[in-house]
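The values are calculated or read from the model by the stated rules, or taken from the named source; none is laboratory data. Because the structure is predicted, anything quoted here is derived from the model rather than measured. Glycine also receives a Cβ, built like all others from the backbone with ideal geometry; neighbour counts cover every protein chain displayed.
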Amino acid sequence: MKGLIGSFFSIHPDSMIGRRMRASNGSPWMRFIPLYGLIWTFWLFASPWFGQVPMRQWLWQTMATLPLFLAMYAGANYRSLRWIVANAIGIALLGYLLMPYNWGACTYVIYACAFLAFAPTPLRALALMILVLVPYLLIGYFQHLPWPFLLSMAVMALAIGGSNIAYRSSQVKDAQLQVSHEEIRRLAATAERERIGRDLHDLLGHTLSLIALKSELAGKLLARDPAAARREIGEVERTAREALAQVRGAVTGMRAAGLVGEAASARTMLECAGVRFAFDGFDRALPSSQENCLALVLREAATNIQRHAGARSARAELVVAENAVELRISDDGNGGIRGHGNGLNGMRERVEALGGSLRISGERGQGAVIEARLPLPSSNVIGIADASRKASA
């Protein structure tokens, strides 16, 4: 029995609370949100005091319905969404049964409408809410409850249910946007792999064939013309060095495309969410470890802006100076960002693992700024400076 109860109250991945926990990166506090919702059961016990019903005629009936309500309330929050309509209708039935004894039973009906908002479709949710309210109004009419009270409670139930429908619609849109973003990222990765394959084939296919032929020729000349064989071996060495230089140049270009590709992906995601995004200075060639780290920082920052910032515009800038590279990401959103949380902690750990630092600032209502600074080897700084001078020339 204990195991059955524990299983019932465990959080199902497809439940309302399970989905909220995923959206908040697994925050354990999300599991306690339903406790806040129980505040409104206060009206079950407060409402009769405003009427003329004697205490003995409502208290035990109300207490009898309460355990059933709590079980269905927990089921609606913690079990799979496919059971939420059944739990909501069960709560509404409790309200109908209790109304002859306690006119505060309208609280159960309001809870039912709040849960019915999570029916499979918004239209079905609205239809179910209306079907639940019709018996409530009829029972209230035959119980001679005041019409202003009945109508105000019905309007309140529809308003709460409607707000939950809007909330769920925004959740669905966020999920669709996330799926689209992941698909764009997957397609970009596929296109990058195909480009790398074509580049390596173009660079090395002819060169390796030439090396093979010259090596074979040198082997044939070795016995009868050693001087010619040495010349062919020298050609093989020169061709191999040229191929190595070409591969290094191609790899440098591939590394630069990683951060640029991440910035382009961030722009697509943010602009789909109505946020203007600009980036500058991302054409610099960086060491692989630094670039990968900054690309992940940019990805996490863009995700936070899209989900939480409420911004209208954002900007990312890459600057190389004083033996270091700095990525600065800013937005004009809600601000008040705190330097902890799973995403931000992971961002900070990646930066500090490379000897860098991460600074997060922003007053509430004034946007936020994330600055990631990483040290660079001196040879890389010289190479980047030379590349910048050539590009400006």
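Worth pointing out:
- Cβ separations smaller than 7 Å between residues 6+ apart or across chains give the following pairs from segment 210-230 residues that are closer than 19 Å to Glu242 by Cβ and touching a residue at least 24 places away in the same chain (Cβ under 8 Å) to residues that are of a type outside the set (Ser, Thr, Tyr) and surrounded by 11 or more Cβ atoms within 10 Å (Cβ to Cβ): Ile211/Val236; Ile211/Ala240; Lys214/Glu232; Lys214/Glu235; Lys214/Val236.
- Qualifying residues in segment 336-393 (those that are part of a loop (DSSP other than H, G, I, E, B) and modelled with pLDDT of 85 or more) - the one nearest to Ile305 (Cα to Cα): Gly356
- Being modelled with pLDDT of 90 or more, assigned by TED's automatic domain parsing to the domain that holds Ile84, closer than 29 Å to Met16 by Cα and of a type in the set (A, V, I, L, M) holds for only one residue in Ile160, Ile165, Ile139, Ile130, and it is Ile130.
- Among the residues of segment 113-144, those identified as buried (at least 18 other Cβ atoms within 10 Å of the Cβ) and over 36 Å from the mean Cα position of the chain (by Cα) are Leu133, Tyr136, Ile139, Gly140.
- Candidate set from segment 8-43 (those that are in contact with a Gly (Cβ under 6 Å, 6 or more places away or on another chain) and of a type in the set (A, V, I, L, M, F, W, C)); member that is modelled with the highest pLDDT: Trp43
- Residues being in a strand (DSSP E or B) and without any contact (Cβ under 8 Å) to a residue 40 or more places away in the chain - total across segment 312-331: 5
- Contact map, segment 104-118: residues that are in contact (Cβ under 8 Å) with a residue 24 or more places away in the chain and over 11 Å from Asn87 (Cβ atoms) paired with residues that are charged (D, E, K, R) and assigned to a helix (DSSP H, G or I), Cβ distance under 7 Å, separation 6+ or inter-chain. Pairs shown: Ala117/Arg168.
- In segment 216-230, the residues that are surrounded by fewer than 14 Cβ atoms within 10 Å (Cβ to Cβ) and closer than 28 Å to Leu200 by Cα: Glu216, Gly219
Residues are listed down the side, and each one gets a yes or a no for (1) closer than 30 Å to Ala229 by Cβ; (2) part of a helix (DSSP H, G or I); (3) acidic (Asp, Glu); (4) at pLDDT 75 or above:
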position: Glu183; (1), (2), (3), (4): no, yes, yes, yes
position: Arg186; (1), (2), (3), (4): no, yes, no, yes
position: Ala212; (1), (2), (3), (4): yes, yes, no, yes
position: Glu216; (1), (2), (3), (4): yes, yes, yes, yes
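Okay, residues lined up against (1) loosely packed, with under 13 Cβ neighbours inside 10 Å; (2) in the same structural domain as Glu237 (by TED's automatic domain parsing):
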site	(1), (2)
Met153	no, no
Met156	no, no
Glu182	yes, yes
Arg186	yes, yes
Thr190	yes, yes
Glu194	yes, yes
Leu204	no, yes
Ile211	no, yes
Lys214	no, yes
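- Scanning segment 44-73 for residues that are of a type in the set (Gly, Ala, Ser) and modelled with pLDDT of 90 or more, we see that the one that is farthest from Met16 (Cα to Cα) is Ala64.
- Subset of segment 241-259 [at pLDDT 80 or above and surrounded by 14 or more Cβ atoms within 10 Å (Cβ to Cβ)]: none
- Taking segment 77-103 as the range and being touching a Gly at 6+ places or on another chain (Cβ under 9 Å) and among the small types (Gly, Ala, Ser) as the test, the residues that pass are Ser80, Ala86, Gly90.
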